[in-house]
Structure formats: C-alpha cells, structure tokens
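Beneath this line is the structure, given in structure tokens, with notes to follow.
Please treat every number below as a calculation from the coordinates, not as lab data. Everything quoted here is computed from the prediction, not taken from an experiment. Note that each Cβ is placed from the backbone with ideal geometry, even for glycine, and that neighbours are counted across all protein chains shown.
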Amino acid sequence: MTSAPRVPSGPLAEKWTKRRAELGLVGPIQKRRLTVVVVGSGLAGASAAASLSELGYRVTCLCFQDSPRRAHSVAAQGGINAAKNYQNDGDSVERLFHDTLKGGDFRSREANVYRLAELSNRIIDHAVAQGVPFAREYGGLLANRSFGGALVSRTFYSRGQTGQQLLLGAYQALSKEVAAGGVTLLPRREMLDLVVVDGRARGVVARNLVDGRLETHLGDAVVLATGGYANVFHLSTNAVGSNATAIFRAYLRGAAFANPCFVQFHPTCLPVSGEHQSKLTLMSESLRNDGRVWVPERANDARRPEDIPEGERDYYLERLYPRYGNLAPRDIASRAAKAVCDEGRGVGPGGRAVFLDLKDATLRIGPDGLRERYGNLIEMYERLTGDDPLKTPLRIYPAAHYSMGGLWVDYDLMTTIPGLFAIGEANFSDHGANRLGASALMQALADGYFVVPYTVSGYLAGTKLGPVSTESESVRGATSDVEARTARLLGSRGGRPAVEFHRELGHVLWESCGLARNASSLTAALPRIAELRRRFDDELIVPGGAAELNQELERAGRVRDFLALGELLCADALARDESAGCHFREEHQTEAGDSKRDDAHFAHVALFHHRPEKPPERTTEPLEFETASLEMRSYR
Amino acid sequence: MNLTLRIWRQRDRTSEGRFERYAVEGIDPTGTLLDALDMLNERLVREGERPVAFDSDCREGICGMCGVFVDGLAHGGIRLSTTCEVPVRGFPDGEELTLEPFRTGVFGVVCDLVVDRSALDRVMQSGGYVSTRTGSAPDGNALPVAKDDAEQALDAAACIGCGACVAACPNGAASLFAGAKLAHLGALPQGAPERARRALAMTRALDDQGFGGCSLHGECERACPKGIEVSVIARMNGDVLRAVAAGKTQGTR
C-alpha cells in the first residue's frame, strides 16, 4: 500500500504528456483477456466503461439503479466548464487551472488540477460529436454563460439540464459498447465489498437488489465511480439513493480516505420545509448570473418582498464582494447567507432563507429571455412552491451538495490499494476545499474519458496478475463478511427504522460540521455520533429477509456506513485547525469574516487509514505549488 | 392532511398481487406524494411490516426512476410532472388514491410498485447513439449547428426514459420513447450519417422487445412528463420509410 502521489517531474504543462509517454500499453490480444470492473454508471463510470471497452478490454459495469441513465449526474443543471476561449474574453488553460486551484483555496494537488484544465476542451469536442445538444448562438456556434468564481464566460450548457444531456451522451456510448459485446451491464446491483487478492483489487461482492443474491464480479482492475457522500447530512441535494457504501467499504479494506470534512454547501437550494422531507431541491447556480441576492436591511422584517423599497434592501453579496458580486464562489455565498439569517434578517417561514430576485433581469432580457435560459428551473420552482419567480423573488438557502473529499488517489487516480481506481466525485483530487460551479461534470468526464483509459492500461501493462476464482479465500472472506453484516442488520430486534438514525446524524452534522465549525462543537459531536451508532446497532428494525427485494435493508446498510463516515468527517474537521474553502473554522477568520488558511501547518491533504478496533490513523500528503503563489483568496 | 392510499402489493414477479388500503395521517401539505409514501413506509417498518417497494432517486423529476399510476393516470396525470413532483396539496384532504405500478405487457412487476423497464435500455442499445470513439472528435465548433436544430434536438432529448408513455398507451407501444431519440439525433449533423440505419434498428428492436405498434391514440404525449410531442413518431415513421425506399437493409450493427 502506497500513498506517494507519483506526480511526474518536469514543468506543469508537460506532466500529463510525459506520464502518457511513460505508461505502458497492453497488446490488443491481451486486452480481450483482461476485465475491468466499473462500479457506477454516472458521468465518470459510464464514460470510463465505454472508453475502456472501446480500447478492447472486457468491462463489467454495475449500478444500483434500474438503468445506467438514472445516475445522479443526470441532475446537474447549470453547465460544464472548458477553456475554449470561444468568447475571446481572455480565457486559457492556465486561467481555468488557476481559477480552479484558487476556488479550491489551494488545497488540491496542482498537477491534477492542471491536467483537468488541459483536458476540458476535449470533453466539449467529444460531447458535441456524440450529439449532445449544447446551447447554440444564431450563427450555429456553441454558446457560453458565466458561473461562480470566474470572471470569464466559459460554461457550456443545455438549458438547465446539462448533466442529463452529458449523461445521455455517456450512456449512449455505453449502450453502443454493450451492443458491441464489450460491456456487460448489471443494473440493480449494489457493491457491498471489495475483493483484494495479494494486496491488489480484483473485484467486488455485490448484492442483486431484485432477488437479494450475493454475486462476485472479478477482474484485473476495479474502478469506483460511485459518486459523493453529501447524503451523510441526510438532507442534501443528492438523490435519495446516493450513498457512500462502495467507497466506505473500500476504505475498510485499506484504501485511504482523503479530506472527508470538505463538503460543499450549495447556496441556491429551496429551504427546508418539513420533517418528512427526503431531500432538498437545487436551483442552478446559473440563476445567480441574472438574479440578485438580497435580504431586508432590518431584522424581522415580515413585509412581502415587493413591499420593501429598494433603499431598505441589502444586496449583501454585491456589497461585500463588489468585484464578483452575486457570482462569488459557493462557499462564500453560502456562509454569507447563513450570516445574514443569523442576524435575524432571513426571510420566509423560520427565517432561514434569502431572496434571489430576477426582477432586474426581467426588465433587461424580458420574461421570454429568462424562460429560454432557465425554463425548466422556473417551472420546477413554480410547481414546488406555487410562486412564479418572474413575479416574486425565489427563496433560497444553502444545502449539502457535493463532497470534494473522497478516496485518496495518486496522479493516475489509483487509490492506496493497487488496482483500485477512484474517479469522479468518489475521489478527492481536483477541487481542494471548494469546487467551482460547472466543474463537477468536467472532472467526472475528464477522469472517465481521458485519464483512466490510459492509467488503467498503464497499470495492467506493468503488473503480472495471477488467476483469481470465486472459490479463493479472499472472495469467500469478503462474501462471508457481507453476509455477517446483513445478518446483523436483519437480526436487530429494536423498533426504530434506519431513517430515524439518519435524520439524527444529519442534525448533529449540520449543527457541528456544517457551514461553520469550531473545536468545541466538533469535540462534542464525536461521542454523540458514536453513541448514535451504538443505538443503531441495538434499536434498529429491518423487516423482511435477505433473499428478496428489500429496500429497507439497502437503506439500513447505507445509513450504517454514513454513521461511521460522520465520525470521520468530524475527526478530520477537528484536526484541520484552519479555515479553507468550505471548511470554515470559526476560530480562524479575518475581521471581515473571511476564512483564514494556515499554510504553514495545513498545506496538505489529510489521509485517513482504517485500523480495526482503533481510531483511524491520520497521515498527510504535503501540497507543493510549483507555479501558483499561495494568495489569500479574495473575491472582494 | 390525511390520505387513504390503496396500493398494489405484490411480493415478487411470480406471486399474485392485490390491493391493500392504508390510512396515512398528518401529511405535510407542502410535501409530495412520495413523501407521503415515505411516511407510510416509516410507520410500516416501525410496526415490523414489509414497506411498500417503489422506485425513486433524484426526487426532482429528472432521473426517470419513479413512476406509478395514480387513479389510473401515469405520474398522477399532472401536466409535465413525474411522480416525485406530484404535490399532495393538489388532492382534497381525506381523498382515497389508488397507486398501481406501470403495468404493461413488456414491463413486468418486480415487487409492489417496482417494474422492469430494461427493455427500454435494450432499444437504446440497438442503435440509439452516434458511433463515435473517445478521442477522435474534431473541435466543437468545427461543425456549426443551426440554433433551431439544436433547440429541436434538445426538446426531444429531454426524454427521461421513465416509461410513462408505454404505460399510458393502450397498445403498450414505446414509439414516443424511440421516436424521441431518433428525433434528437436526427436533428443534428452529428447524427446524420447513421440516421437511416438507426431508425431501422430501433424500430426493429421495438418489435423484438415486444412493444405494441403505434395507432396514434396520443395518450403517450399526455402522459409524458417532459412534453415530448407525438410528432417525433411521425418523424420516426418518415425516417423508416425513407430508409426502406432508399433500399437500406434492416439490421443492427
């Protein structure tokens, strides 16, 4: 097991070219004998599975949904960044690289971020060739819009459904490879353990969610593309099925987990409305392009928004961050919303919301122009709240949205377990302590289309692997571990459904490890979560059995992993005694309330290594910046 | 508010099913129908009963995973909505609602409200793509696409593959589904080289999978949560006719 980042030497701009030249190739006949197991079918998983199959590998692709097209990438609304500079507004690979590095508050690995920016343009080219219907200008050329954290217009989009359209592109590529016989598609399967043989990842144990049978899918390398873990907060913008089980079980098998406390809160979500809510709905950040965020100047102002005169409104983002205004990065916009609500100036029931006002845009580009840009968002808001955002301002509040943390990977996107790769949101690599808008799609597709096809080949070319069978000791061990876990869940004789524990975990994390954190609340949260985990084991009830479709059993397993992951989040947040990006430690802020990094002590990635019966071991990967100077992040 | 839910319960593919009635009380009126089902399930689990199985994921109308009949109407019959977007405040307090799976010949019931829609994936695998290889694309702006063509493609590409069109169709046809993909790719220059072959392959796959034929009832258009219009079926038929007239042979890859 190794946690050397293995970044190629040489100038930043030449590293990826150099690595590609170093990576070995696998012969065409050999490729047909090698199997890669891809878990997950979102943008990262589908693009990786399709591209690996195109190269000639046999690919097994699993997803827990009934079709690969359902993966949560589908819900990304706003767009995808690329350094095309089609707008002639001064964009370049260097600038996208720098914006992403700065947006992440200098807590990401420079070489990975540079490669991401470098590959961004090829993603657009490839998606266009697949028939992804991006927005066009009248001349037939690709249109762009702006997003948070950038002064250039570099975001490509398909109305408010960019994730869906890019996912369909990847799903169609995957379908093409299924037809060609290269990909075996296994929907309604959930990975429940990793098979490690002689220290190398060789497959997964998965549960067939229809009949409950445990299956073993073996291969020569495993790629986890299972998304993020924002659902650890219970209420988040993630799909209700999104979970951390695959990456958490890999962690228990020895893969290091990096920066678990880096979770992003998206500033433009619909506020929490009721106890039985299952998730929070996101309104694309692109609305901040044309919308102005404000709250009443006075606290406890209960007037309707249209009755509050212009002079009594506080456009606080424009006031605090005149240069970026409403397009300040997500972490800053989210914290600012919390701050004004803490002052009692929040709006709506409960006072935990701010206004996002489209009125000025209605005058500037007209209602039709707005409908063309954001049609489905406007409809969605109207349907959910009964209000028309073209007439009355939207009410928004931050919600847990995206995990920058994830499995630690080296430059080749390989985890600390040789042969186990993690891509997309499942890894930690590119977004540091905060991700910029429209960069998740970019990273997932860069990883899947253009990075792992090379690096998995390189790994397989340089590795001699023995045969592995379903009868081997490692497979039987992993299978019996899964059976034991399932039996424990089903054997619990309590009376409380898993969702109750999940809700409680969400409350603890939101209060102590949410938009703002401090040492005392984190210290208090740790034993509370441990206690919750003990109570889960004693008081849970899961009806039904293992050998059938049992959605409550699925949920209980995921919640059990979230409970353990919640502790890891708090432990990391406590150990990282600085503020960085979305990780805002109240002890470390400037007088103006901006976050204050501590580069002398925390310019590193924190790696957590699981140890049985002991707290995890924390090690670090120092971050060295060759070209970027560590500036204080300012968007004012 | 309170609702009575009359729900189809069926343990697995081979068991016999039946309706069961459940009173659900104290529903948050700002919530959705699926929130009410969640509430019911939480109670059933607490009582040690088997909860109602249903598919859902994104809960914002884009993943296409959810889908039930509410009083005989796919996705509750609410215009441009998926089941997860159906607000409970649209129903009178105390109403009884009948929830059934998307039953149709090709989609078998897997458990309760969960059905098997994998035939739609197989239709896509027959040709619902552009045969392009990763790494081979020219610059994104090398081939201009008229704005109207791009918009038209996007209208059709909005399909979420939920299967409501099939469930609503008296013939159990998936023509709106296949037509939407053909209209999407057919409207773009990138999809043009395979247009004829794609139309033949996908229409043949519809037959092979056992979907019924279209006789233009138009129920699919009414049920579609994404507003796909039946005109895509006319386009599909046009593509097939043109392909046959041009002497193209049927076939997959």
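Give the shape of the stretch A:183-255 as rounded, prolate or oblate, defined through the alpha-carbon gyration tensor: a ≥ b ≥ c are the square roots of its eigenvalues, a/c under 1.5 means rounded, and otherwise the shape is prolate if a/b is larger than b/c and oblate if not. In terms of gyration-tensor shape, oblate.
If you wrap the tightest convex hull around every Cα atom of the stretch B:156-222 and split its volume per residue, you get 82 Å³.
Close amide H pairs (under 5 Å, H built 1.01 Å from N) link residue A:182 with no residue at least 5 positions away or on another chain. Backbone amide hydrogens, once placed in the peptide plane, bring residue A:516 within less than 5 Å of nothing, excluding anything fewer than 5 places away on its chain. Residues whose amide H comes within less than 5 Å of that of residue B:173, counting only those at least five positions distant or on another chain, are B:212 (H built at 1.01 Å from N in the peptide plane).
Across q = 0.20, 0.21, 0.24 Å⁻¹, the stretch A:1-59 modelled as identical point scatterers on its alpha-carbon atoms has Debye log10 I(q)/I(0) values of -0.96, -0.98, -0.98, in the order of the q list.
Among A:134-144, A:412-422, A:38-48, what's the highest-first ranking by average C-beta atoms within 10 angstrom per residue?
Listed from highest to lowest mean packing, they are A:38-48, A:412-422, A:134-144.
On the principal axes of its alpha carbon atoms, the stretch B:1-120 extends 37, 35, 23 Å, with the longest extent given first. 3J(HN,Hα) couplings calculated from phi for the stretch A:201-217 with the Karplus curve 6.51 cos²θ - 1.76 cosθ + 1.60 (θ = phi - 60°) are, in sequence order, 6, 10, x, 9, 9, 10, 9, 6, 6, 7, 10, x, 5, 8, 10, 10, 10 Hz; Gly and Pro show x.
Taken along the Cα-to-beta-carbon direction at a fixed 7 Å, the label points for residue B:209 and residue B:231 span 2.5 nm. Each of the peptides A:204-213, A:172-181 was scored by the mean count of other Cβ atoms within 10 Å over its residues; in descending order, highest first, they stand as A:172-181, A:204-213. Positive end of the dipole of the stretch B:127-226 (Cβ unit charges, origin at the Cα centre): among B:177, B:196, B:159, the Cα lying farthest that way belongs to B:196.
Counting Cβ atoms of other protein chains within 10 Å of each residue's Cβ and taking the mean over peptide B:119-131 gives 6. Descending by average beta-carbon neighbour count within 10 Å, the peptides A:6-18, A:248-260 line up as A:248-260, A:6-18, the highest first. Among the trypsin sites (Lys or Arg not before Pro) in the stretch A:301-356, those located in a DSSP loop and surrounded by at most 13 other Cβ atoms within 10 Å of their own Cβ are A:303, A:323. Taking 0.36 nm per residue of separation and subtracting the Cα-Cα distance, full extension of the segment from residue A:507 to residue A:473 would add 8.1 nm.
Which whole number of Å³ per residue matches the convex hull of the alpha-carbon atoms in the stretch B:1-59?
Values: hull volume 5.1 nm³, N = 59.
Convex hull volume per residue, Cα atoms: 86 Å³.
Each label was represented as a point 7 Å from its Cα along the Cα-to-Cβ direction; for residue A:519 and residue A:18 these points are 4.1 nm apart.
At 20 °C and 1.002 mPa s, what whole-number value in µm²/s does Stokes-Einstein give for the translational diffusion of the stretch A:536-636, with Rh from the Kirkwood sum over Cα pairs?
Numbers: Rh = 17.2 Å.
This corresponds to a translational diffusion coefficient of 125 µm²/s.
Note down the net charge around residue B:143, summing +1 for each Lys or Arg and -1 for each Asp or Glu among other residues with Cβ under 13 Å from its Cβ.
Working: positive: A:136; negative: A:125, B:139, B:149.
Here the count lands on -2.
Counting, for every residue in A:166-178, the Cβ atoms of other protein chains within 10 Å of its Cβ and taking the mean gives 5. Our coupling estimate for the stretch A:487-493, obtained by passing each phi through the Karplus curve with A = 6.51, B = -1.76, C = 1.60 and θ = phi - 60°, is 5, 5, 5, 6, x, 5, 10 Hz, Gly and Pro reported as x.
A simple charge model with +1 on the Cβ of Lys and Arg, -1 on the Cβ of Asp and Glu and nothing else charged puts the dipole of the stretch B:194-253 at about 320 debye relative to its Cα centre. Just want the answer: with Cβ charges of +1 for Lys and Arg and -1 for Asp and Glu, which residue in A:90, A:123, A:62 is farthest toward the dipole's positive end in the stretch A:48-130? Value: A:62.
Other residues within the sphere of radius under 10 Å centred on the Cβ of residue A:589, judged by their own Cβ, net out at -1 (K and R +1, D and E -1). Rounded to the nearest 20 debye, the dipole size of the protein assembly as shown about its Cα centre is 1900 debye, using +1 on the Cβ of Lys and Arg and -1 on the Cβ of Asp and Glu.
About its Cα centre, what dipole magnitude does the stretch A:286-440 give when the only charges are +1 on Lys and Arg Cβ and -1 on Asp and Glu Cβ, stated in debye to the nearest 20?
220 debye
Take the alpha-carbon positions of the stretch A:434-569, form their convex hull, and give its projected area averaged over all directions (one quarter of the hull surface) in nm². Projected area, direction-averaged: 12.7 nm².
Applying both filters, DSSP loop and at most 10 other Cβ atoms within 10 Å, to the GluC sites (Glu not before Pro) of the stretch A:551-636 gives A:591, A:613, A:631. The stretch A:373-414 and the stretch A:308-340 have Cα centres spaced 18 Å apart.
Judged by the gyration tensor of its Cα atoms, with axes a ≥ b ≥ c, the protein assembly as shown is rounded; a/c sits under the 1.5 cut.
Its relative contact order, with pairs defined as Cα atoms under 8 Å and 6+ residues apart, puts the stretch A:498-636 at 22 percent. Between the stretch A:498-544 and the stretch B:171-238, what's the alpha-carbon centroid distance in Å? With the stretch A:498-544 and the stretch B:171-238 each reduced to a Cα centre, they are spaced 49 Å. Rounded to the nearest 500, the helix-only mean residue ellipticity at 222 nm of chain A stands at -11500 deg cm²/dmol, with each DSSP H run of n ≥ 4 adding -39,500 (n - 2.57). Averaged over peptide A:351-363, the number of partner chain Cβ atoms lying within 10 Å of each residue's Cβ comes to 0. Hydrodynamic analysis of the stretch A:455-520 uses the Kirkwood radius over alpha carbon pairs. Inserted into Stokes-Einstein at 25 °C and 0.890 mPa s, it gives a translational diffusion coefficient of 145 µm²/s. What's the percent breakdown of Cα-Cα distances in the stretch A:95-152 across 10 Å bins, shortest bin first? The percentages, shortest bin first, are 20, 40, 31, 9, 0.
Note on the stretch A:165-302: dipole from Cβ charges, positive end direction compared against A:233, A:266, A:286; the farthest Cα belongs to A:233. Would you list, by chain and number, the lysines whose Cα falls below 21 Å from the Cα of residue A:338, excluding same-chain residues fewer than 8 positions away? Reachable lysines: A:279, A:596.
Ratio of Rg to Rh for the stretch A:399-456, alpha carbon only, Kirkwood?
Numbers: Rg = 11.2 Å, Rh = 11.6 Å.
Rg/Rh for the stretch A:399-456 comes to 0.97.
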